[in-house]
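The values are calculated or read from the model by the stated rules, or taken from the named source; none is laboratory data. None of these values were measured; they are calculated from a predicted model. Virtual Cβ from ideal backbone geometry, glycine too; neighbours counted across all protein chains shown. Note: accessible area is taken over every heavy atom of the protein model, side chains too, but ligands, DNA and RNA are not part of it. Shrake-Rupley method; radii C 1.70, N 1.55, O 1.52, S 1.80 Å.
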Amino acid sequence: MYQQYRVVPETTVDLDRREPADRSAFAGDKSAGREAAKQLNRRLESLQELLYAEGRHKVLIVLQAMDTGGKDGTIRHVFDGVNPQGVKVASFKRPTPQELAHDYLWRVHKETPGRGEIVIFNRSHYEDVLVVRVHNLVPPAVWERRYDQINAFERQLAEEGTTILKFYLHIDKAEQKERLQARLDEPEKRWKFAKGDLAERALWPDYQAAYEAVLSRTSTPYAPWYIIPANRKWYRNLVISQILVDTLEGLEMRYPEAEEGLEGIVIE
Ligand code: AMP
Ligand code: MG
């Protein structure tokens, strides 16, 4: 049902033709959508337990978005109540001097999930073909070859047993305007606002073009991108929750066999 948001490998993505306010895959209204997401959240809680108990699969979730796109809110809502043991968030900021002294995947590989773990990337190695490309932080010849390198890296993770899901939270410029203004107007949100956000907003078309390149070139069968309509937060949470639950159910996990002879034991 939500597979319409998956980017088919080797297709060219035009973000202007993707509706950020779309809600067509769910028949109900906002409150029904929230209720459905709550049910999925409970399902996710038990699937995560099972993933941890089985200790076989590794799950990597990549979140990317324009500023105010809702990465933090997605993590808070979709993983609400999920046992923090076994779920980790890795946030990628501007690289430190030590990180810059290494190749761009060095800091990323270290954060990938181990067996039984879910790791959520809040930003990711994709910044190295997004902000880095938009601001010319490295020459074009350098970022240009990174798409293939990223595909090879993700293929390797997948072949070694990592399930990878990548979500681009798609908002439009008008929605960003409202959310940035809210950050300025509401004292508890102001800490999230940086003056630099305005300069980044002015580069909107450049970022959209950089995202289109990412989505067109790095959606693969082993690490698909989903373009999530994200103007409506409840719909964004619902769609991501459903895709996650469907993916985890598809892993056909089982609880490990208990030791033999435990039946009938009564603790004195
Ligand atoms: P925030 O997620 O709002 O805390 O901001 C993190 C900042 O770090 C954003 O402005 C990103 O563009 C920036 N950032 C993340 N990764 C990189 C990178 N590889 N190179 C340059 N800037 C980055
Ligand atoms: Mg920011």
Considering only segment 167-231, give the helices (runs of 4 or more DSSP H) lying wholly within it that have at least 1 residues that are among the hydroxyl-bearing types (Ser, Thr, Tyr) and either within 16 Å of ligand 1 (Cβ to nearest atom) or within 28 Å of Ile243 (Cα to Cα) (or both). 204-217
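Which of the residues spanning segment 95-153 are of a type in the set (A, V, I, L, M) and more than 10 Å from ligand 1 (Cβ to nearest atom)? I'd like the intermediate steps shown before the answer.
Initially, segment 95-153 is screened for residues of a type in the set (A, V, I, L, M), giving 100-101, 105, 108, 118-120, 129-132, 134, 137-138, 141-142, 150, 152.
Ala101, Leu105, Ile118, Val119, Ile120, Ala141, Val142, Ile150, Ala152, listed by residue number.
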Residue, least open to solvent (accessible area, probe 1.4 Å), within segment 192-206, restricted to residues that are within 12 Å of ligand 2 (Cβ to nearest atom) and either touching a residue at least 60 places away in the same chain (Cβ under 8 Å) or among the hydroxyl-bearing types (Ser, Thr, Tyr) (or both): Asp197
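Take the residues in segment 55-85 that are in a helix (DSSP H, G or I) and within 12 Å of the chain's Cα centre (by Cα), then tell me which one is farthest from ligand 1 (Cβ to nearest atom).
Of the residues in segment 55-85, the ones in a helix (DSSP H, G or I) are 71-78.
With the extra rule that they be within 12 Å of the chain's Cα centre (by Cα), the set shrinks to 71-75, 78.
Details: Lys71: 7, Asp72: 8, Gly73: 13, Thr74: 13, Ile75: 12, Val78: 18 Å.
The extreme case among them is Val78.
Limited to segment 62-93, what total is found for residues that are farther than 16 Å from Tyr168 by Cα and small (Gly, Ala, Ser)? Break it down stepwise before answering.
First, the residues of segment 62-93 that are farther than 16 Å from Tyr168 by Cα: 76-77, 79-90, 93.
Applying the additional criterion that residues be small (Gly, Ala, Ser) yields 81, 86, 90.
The number of residues fulfilling the criteria is 3.
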For Val134, which of the numbered conditions (1) modelled with pLDDT of 95 or more; (2) open to solvent by less than 60 Å² (accessible area, probe 1.4 Å); (3) away from ligand 2 (no atom under 16 Å from the Cβ) fails to hold? (3)
Where Tyr168 falls short, out of the listed (1) under 30 Å from Pro221 (Cα atoms); (2) open to solvent by 40 Å² or more (accessible area, probe 1.4 Å); (3) not hydrophobic (A, V, I, L, M, F, W, C): (2)
Of the residues that sit in segment 1-27 and are surrounded by 12 or more Cβ atoms within 10 Å (Cβ to Cβ) and farther than 22 Å from Glu175 by Cα, which one is modelled with the lowest pLDDT? Tyr2
Which condition from (1) among the basic types (Lys, Arg); (2) surrounded by 13 or more Cβ atoms within 10 Å (Cβ to Cβ); (3) within 12 Å of ligand 1 (Cβ to nearest atom) is the one that Lys88 breaks? (3)
From the set of residues in segment 91-121 that are within 25 Å of Tyr211 (Cβ to Cβ) and of a type in the set (Lys, Arg), which is surrounded by the most Cβ atoms within 10 Å (Cβ to Cβ)? Arg107
